[in-house]
Amino acid sequence: MTDIPRGLTEAPLHLLRRALQAYTAQWQRLSPQVTPPQAAVLLALRERPTITQTHVGELTGIDTATLTPLLRSLEERGFLSRRVDEGNRRRKLLELTEQGAALVTTVEALAARTDDIMLAGLSPEQRRALMTALATLASLTES
């Protein structure tokens with residue numbers, strides 16, 4: 001980052017955006033069939049089978065306008081099913097299909113590989129510090 005103006009190299013938002021761009025590009029090289037937000041949904045559904053569409057949005061931090069077409073895409077590709085909750089017909093319940101469960105295993109391996117590549121230059125202590133800092137920043141949105 002030698003040619004980037006100092007004001008940008010010292011701006012956390014700019015650095016986070018650049019890091020996310022690099023991470024996303026690496027992810028797409030390894031996993032072009034599933035986006036990171038789609039992977040987050042699949043992982044959430046594996047951990048919380050049969051949950052509502054609203055709850056998936058809350059768990060993943062994906063807004064409704066983005067989540068609805070994302071879920072439609074995953075459903076059309078056979079990775080999840082949506083059904084009306086008989087207890088509350090306004091709610092949609094989501095479940096992984098067998099194909100979706102198999103994809104989650106692949107996604108986890110790809111996520112681990114992406115992490116290994118992107119974090120290769122960090123020591124274990126730096127990785128822990130990064131994860132702590134990111135978790136702290138992410139928790140600020142929950143306030």
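The values are calculated or read from the model by the stated rules, or taken from the named source; none is laboratory data. The model shown is predicted, which means the values in this text are computed figures rather than measured ones. Positions of Cβ are backbone-derived with ideal geometry, glycine not excepted, and every protein chain shown enters the neighbour counts. Note: areas computed on protein heavy atoms with side chains; ligands, DNA, RNA excluded. Shrake-Rupley method; radii C 1.70, N 1.55, O 1.52, S 1.80 Å.
Annotations
- A protection proxy built from the mean count of other Cβ atoms within 10 Å ranks the segments 69-78, 31-40, 10-19, most packed first, as 31-40, 69-78, 10-19.
- Spin-label zone in region 74-100 - amide nitrogen under 17 Å from a point set 7 Å from the Cα of Ile117 along the C-beta vector: none
- Summing charges over neighbours of Thr114, with a neighbour being any other residue whose Cβ is under 13 Å away from its Cβ, gives -1 when K and R count +1 and D and E count -1.
- Per residue, the accessible area of the chain comes to 66 Å² when a 1.4 Å probe rolls over the protein heavy atoms.
- Couplings for region 114-126, taken from phi via the Karplus curve 6.51 cos²θ - 1.76 cosθ + 1.60 with θ = phi - 60°, read 4, 4, 4, 5, 6, 9, 4, x, 9, 6, x, 5, 5 Hz in order; Gly and Pro are left as x.
- Charged neighbours of Gln33, selected by a Cβ distance under 14 Å, balance to +1 (K, R count +1; D, E count -1).
- Dimensions of the chain based on its C-alpha atoms, expressed as ranges along the principal axes with the largest first, amount to 57, 33, 26 Å.
- Under Karplus coefficients 6.51, -1.76 and 1.60, residue-wise ³J(HN,Hα) of region 9-19 in Hz, glycine/proline x: 5, 10, 9, x, 4, 5, 5, 4, 5, 5, 5
- Residues of region 49-67 with amide N under 18 Å of a point placed 7 Å along Cα→Cβ from Glu86: 50-52
- Region 50-138, accessible surface, carbon-and-sulfur percent (1.4 angstrom probe): 55 percent
- Each Lys or Arg adds one and each Asp or Glu takes one away; over the other residues whose Cβ falls under 15 Å from the Cβ of Arg89, this sums to +3.
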